[in-house]
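> Sharing a structure with you now.
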Amino acid sequence: MPTHLTEQSITAAVQRTFDTSRNPRLRELFVTLVQHLHDFARAVRLTNEEWFTAMDFLVRVGQISTSTRQEFVLLSDILGLSELVDKINNGSGGSATESALLGPFYVEGRPKVANGADISGGVNGTPMFVTGHVVDPTGAPVPGAHVDTWHSDENGFYDVQQGEKLHNQFAMRALLTTDGSGRFWYRSIAPRHYPVPTDGPCGEIMRAANRSTMRPQHIHFWIHADGYQPLITQLFLKDDPFINSDAVFSARDSLKVDFVPHEPGTAPDGTVVDKPFQTVEWAFVLSPARTGADRSN
Ligand code: BEZ
Ligand code: FE
């Protein structure tokens, strides 16, 4: 390695250290990353002080992260990287339902429930009845599909954000299975738009940029079925005030839905509801699983 590296020649010197890698993909990733990082520092004429600030920021992102507080994922989300990677790998254009971010509030161990169950966990709110149809690209039903669903309460908080209040019980989340006609259905309470967590380093960036921290009202779904690609997606309230300024860039036209308001009366599952309620109905189209040949492309 030359001992007289310059502002320009240092980039190739670092890149050459990956020549000995036995993994060609790792080499490609790091060589390209180093190129872009160095080009960035040169382009903005990065100062020592700015570099120290950035290192301190990343240290703090790590320090606040836990198994339920994913600040690095949030950083990727607010910089649009998570959504970009999703678009690269699940490009739109086919007939399948578009994907949307998983987000940090999916948790293992959610209850498995029968169709028609009330998954609100006793949390107060406007009753909401969700009906989904899981189909293949020809419209044929997919029976036996596993459907994870989770959403916030009417104040925009997930159960895991209010452990004491909910006594660490799961609420507003469940795992269902589609019936013989590819349908699943459940009762819960209507969610609400909410801010992404802003009490950590990512909040500092959003405040410094004076940008919106809000996610439009949505429900999450993660659908698995044998023979199909898993689908991670969200349905967004069509008229939400934050529908065009999602803090994590995941809301999209093809996933806008009506949360249809109803006067007290008979709900889709036949139960009588003595207060106003909402209904949400959607067809989720799964893509067939990739074959080995597809994957190598
Ligand atoms: C969510 O929808 O749960 C979410 C996604 C990204 C960041 C924060 C929250
Ligand atoms: Fe969410």
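The values are calculated or read from the model by the stated rules, or taken from the named source; none is laboratory data. Please read these numbers as outputs of a predicted model, since none were measured by experiment. Positions of Cβ are backbone-derived with ideal geometry, glycine not excepted, and every protein chain shown enters the neighbour counts. For the accessible areas, the whole protein counts, side chains as well, though only heavy atoms, and no ligand, DNA or RNA atoms are used. Shrake-Rupley method; radii C 1.70, N 1.55, O 1.52, S 1.80 Å.
> Given the criteria away from ligand 1 (no atom under 14 Å from the Cβ) and closer than 30 Å to Ala54 by Cα, does Asn155 qualify? Walk me through it before giving the result.
On the way: away from ligand 1 (no atom under 14 Å from the Cβ): yes; closer than 30 Å to Ala54 by Cα: no.
So Asn155 fails the test.
> Let me ask something else about it. Tally time: how many residues in the stretch 9-43 are touching a helix residue (DSSP H, G or I) at 6+ places or on another chain (Cβ under 8 Å) and exposed (fewer than 11 other Cβ atoms within 10 Å of the Cβ)?
Residues meeting the conditions: 1.
> May I ask you to list the residues in the stretch 77-108 that are in contact (Cβ under 8 Å) with a residue 12 or more places away in the chain, away from ligand 1 (no atom under 16 Å from the Cβ) and open to solvent by 50 Å² or more (accessible area, probe 1.4 Å)? I'd like the intermediate steps shown before the answer.
Filtering the stretch 77-108 down to residues in contact (Cβ under 8 Å) with a residue 12 or more places away in the chain leaves 77-78, 80, 82-83, 86, 92, 94-107.
Narrowing the set further to residues that are away from ligand 1 (no atom under 16 Å from the Cβ) leaves 92, 94-97.
Within the stretch 77-108, Ser92, Gly94, Ser95 qualify.
> Need pairs with beta-carbon distance below 6 Å; first residue closer than 22 Å to Val107 by Cβ and of a type in the set (A, V, I, L, M, F, W, C) and within the stretch 212-239, second open to solvent by 40 Å² or more (accessible area, probe 1.4 Å) and assigned to a loop (DSSP other than H, G, I, E, B); sequence gap 6+ or separate chains.
Ile232/Leu102
> Which members of the stretch 191-238 meet the condition of being open to solvent by 50 Å² or more (accessible area, probe 1.4 Å), more than 26 Å from Val135 (Cβ to Cβ) and not small (Gly, Ala, Ser)?
Arg192, Pro195, Asp199, Glu204, Ile205, Arg207, Asn210, Arg211
> Moving to a separate point now. Could you give me the residue pairs with C-beta distances under 7 Å whose first residue belongs to the stretch 1-26 and is over 18 Å from His38 (Cα atoms), whose second residue is open to solvent by 70 Å² or more (accessible area, probe 1.4 Å) wherever it lies, and which are 6+ apart or on separate chains?
Taking only residues 6 or more apart or on different chains, the pairs are Ser21/Arg27.
> When you look at Phe52, is it open to solvent by less than 80 Å² (accessible area, probe 1.4 Å) and more than 29 Å from the chain's Cα centre (by Cα), yes or no? Spell out the reasoning first.
Working: open to solvent by less than 80 Å² (accessible area, probe 1.4 Å): no; more than 29 Å from the chain's Cα centre (by Cα): yes.
Here the answer is no, as Phe52 does not meet what is asked.
> I've got another one for you. When the stretch 71-91 is examined, which residues are found to be within 16 Å of ligand 2 (Cβ to nearest atom) and under 27 Å from Ser287 (Cβ atoms)?
Correct list: Val73, Ser76, Asp77, Ser82, Glu83, Asp86.
> For the condition part of a loop (DSSP other than H, G, I, E, B), away from ligand 1 (no atom under 16 Å from the Cβ) and over 18 Å from the mean Cα position of the chain (by Cα), what is the one hit in Val134, Val59, Val130, Val123? Outline the logic, then answer.
On the way: Val134 fails: part of a loop (DSSP other than H, G, I, E, B); Val59 fails: part of a loop (DSSP other than H, G, I, E, B); Val130 fails: part of a loop (DSSP other than H, G, I, E, B).
Step by step, each of Val134, Val59, Val130, Val123 is checked, and only Val123 is part of a loop (DSSP other than H, G, I, E, B), away from ligand 1 (no atom under 16 Å from the Cβ) and over 18 Å from the mean Cα position of the chain (by Cα).
> Then there's this: Among the numbered criteria (1) in contact with a His (Cβ under 7 Å, 6 or more places away or on another chain); (2) small (Gly, Ala, Ser); (3) buried (at least 17 other Cβ atoms within 10 Å of the Cβ), which single criterion is violated by Ser250?
(1)
> Now a separate question. Quick one: which of Phe52, Phe72, Phe105 is in a loop (DSSP other than H, G, I, E, B) and either of a type in the set (Val, Ile, Thr) or on the phi < 0 side of the Ramachandran plot (or both)? First the steps, then the outcome.
Working: Phe52 fails: in a loop (DSSP other than H, G, I, E, B); Phe72 fails: in a loop (DSSP other than H, G, I, E, B).
Being in a loop (DSSP other than H, G, I, E, B) and either of a type in the set (Val, Ile, Thr) or on the phi < 0 side of the Ramachandran plot (or both) holds for just one of Phe52, Phe72, Phe105, which is Phe105.
> Mind checking which residues of the stretch 109-124 are open to solvent by less than 60 Å² (accessible area, probe 1.4 Å) and either in contact with a Phe, Trp or Tyr (Cβ under 8 Å, 6 or more places away or on another chain) or at pLDDT below 90 (or both)? Reasoning before the result, please.
Keep residues of the stretch 109-124 that are open to solvent by less than 60 Å² (accessible area, probe 1.4 Å), which gives 109-111, 113, 115-117, 119-121, 123.
If the condition is that a residue be open to solvent by less than 60 Å² (accessible area, probe 1.4 Å) and either in contact with a Phe, Trp or Tyr (Cβ under 8 Å, 6 or more places away or on another chain) or at pLDDT below 90 (or both), then Gly109, Arg110, Pro111, Val113, Asn115, Gly116, Ala117, Ile119, Gly121 are the ones that fit.
> Name the pairs: first residue in the stretch 259-276 and closer than 11 Å to Met128 by Cβ, second residue assigned to a strand (DSSP E or B) and among the small types (Gly, Ala, Ser), Cβ to Cβ under 9 Å, at least 6 apart or on different chains?
Val273/Gly265
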